[in-house]
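This report refers to the structure that appears directly beneath it.
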Amino acid sequence: MISTRMKNLHPYVPGEQPKDRPYIKLNANENPYPPCKAVQSAVIDFVQNNPMKLALYPDPDSLELHAAIADMLNKTGGVLCNAVVSGDEVLPSAADKIPFTVTPDMIYSGNGSDEVLSFVFYAFFDSGKKLVLPEFTYSFYPVYAGFYNIETDIVPMKPDWSLDTKEMICRAKKNGSGIIFANPNAPSGIGLSRAEVREMLLASDPEQIFVVDEAYVDFGGESCIPLLAEFKNLLIVRTFSKSLCGAGMRLGYIVANPELVNYVTTVKNSLNHFPIDAVAQVAGLAACKNPAYYAECAKKVRDERDSFVSFLQEKGWFVVPSRTNFVLARHPSVSGADVYRRIKERGILVRHFSTPGIEDYVRITIGTHEQMSLLRAAIQTIR
Ligand SMILES: *Cc1c(COP(=O)(O)O)cnc(C)c1O
């Protein structure tokens, strides 16, 4: 009954979402803080006062949302934790300031960046050309490659968990293919500087797509948005799920040259004309208009991360240097599976991957101060 295509699917397995016991969830890199009050009231107002808008189709192109996203990026420089906040006003840090104005026609948005990524795969990666991927990166990339029947060329990590950027460029050129990676990368947490990504772009084929997934950049990476002025093949994917406290809202977006945005819009209009429902559009709009709140959340997460890293290092753990809202870390003697289990016994979920090469590690999402105190107490008992 099922298609050959169906037989070959290997779906992504997300972090556990337990329904029974109320675990503290530090396993899916969600934000521990709720969306700002303005998001909550915008949704309540919408449902109470505009019920007819639920009966009608939403704006298929989310134009108001795109204008708000562009505005937020211009105001914050695209790295929330560095943004300079005074009251409700936000300015980009000197290092992050974008040297041009991001315009709404440079934005495409979709039902979570997962959907956005799938459309990017469809639009730009050819099945005949091996797509270059780092060995350890967001595990949805190989899943999409399988879905669209795109062969992959996997580049091993360097021993310190950083990307082998030279090798990636070299293979992309040889394969005549595009390239995709997350920056900062997951699950390592390591970020490349903008200058390093620029070096990669200068060395790559300008006729091939170059995708940078900035899901975590707001927690301390360097955004590549300023490079869009120089490279027409650069496409940046970002999400509301991590730094905008909105994993449940399912909103992700692209920042790129309008020409690339148009290609992805064509894919959308051939697969799912209305990817963002009316409520999510209202919620996303309110979030973008309150960057000060989210900048404060990102700063709290960054500070909590830095003190947690020091704690782990004092306990003798090996910690991969993180610019994100999670850390990849290894206990000096206890296995990753055991660490995961012992922490779970104390009511806290972290992520353990059984893939060879990473099985000694756990990936821990940074939570609130209270959650991290409980986690520290759980970790104290592991020796
Ligand atoms: C979480 C994550 C995403 C998915 O984000 P959604 O917008 O929730 O679909 C994409 N890329 C990376 C690297 C992520 O970690």
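The values are calculated or read from the model by the stated rules, or taken from the named source; none is laboratory data. Note that this is a predicted model, so its numbers are computed, not measured. For neighbour counting, all protein chains shown are included, and Cβ atoms are generated from backbone atoms with ideal geometry for every residue, glycine included. Just so you know, the surface numbers come from the protein's heavy atoms only, side chains and all, with ligands and any DNA or RNA stripped out. Shrake-Rupley method; radii C 1.70, N 1.55, O 1.52, S 1.80 Å.
Structure above, values below:
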quantity	calculated
Accessible-area composition of region 310-352, carbon plus sulfur, in percent [1.4 Å probe]	43
Antiparallel DSSP beta bridges within region 210-333, as percent of all bridges there, nearest 5	65
Surface share of carbon and sulfur [accessible, 1.4 angstrom probe, percent] for region 192-269	50
Cα centre as origin, Lys/Arg/Asp/Glu Cβ charges: region 327-383 dipole, Debye	80
Region 1-95 shape via C-alpha gyration tensor axes, a/c threshold 1.5	prolate
Residue-by-residue Karplus 3J(HN,Hα) for region 93-106, coefficients 6.51, -1.76, 1.60, Hz, glycine and proline x	5, 4, 6, 9, 3, 7, x, 8, 9, 6, 10, x, 6, 8
Cα gyration tensor category, rounded, prolate or oblate, for region 132-200 with a/c compared to 1.5	oblate
P(r) of the chain over all Cα-Cα pairs, binned every 20 Å from zero, in whole percent	28, 59, 13, 0
Spin-label pair R5/E259, simplified geometry with 7 Å Cα→Cβ offset, distance in nm	3.0
Residues listed by number, region 97-124, amide nitrogen under 15 Å from T266 label point at 7 Å toward C-beta	119-124
Per residue value of the accessible surface for region 308-348 (all protein chains in place, 1.4 Å probe), Å²	43
Set K25/K299; K97/K166; K75/K299; K37/K289; K242/K289; K166/K299 screened for pairs whose C-alpha atoms are more than 22 Å apart	K97/K166; K166/K299
Surface per residue (accessible, 1.4 Å probe) for region 1-158, Å²	55
Length gained when the stretch Q48-D360 is fully extended (0.36 nm per residue, less Cα-Cα span)	107.3 nm
Residue-normalised accessible area of region 187-270, expressed per residue, 1.4 Å probe, Å²	30
Cleavage-rule hits (GluC sites (Glu not before Pro)) in region 11-96: DSSP loop, at most 14 neighbouring Cβ within 10 angstrom	E16
Phi-based couplings in Hz for region 224-231 (Karplus 6.51, -1.76, 1.60; Gly and Pro marked x)	8, 3, x, 6, 4, 5, 9, 10
Apportionment of accessible area to carbon and sulfur, region 1-153, percent (1.4 Å)	57
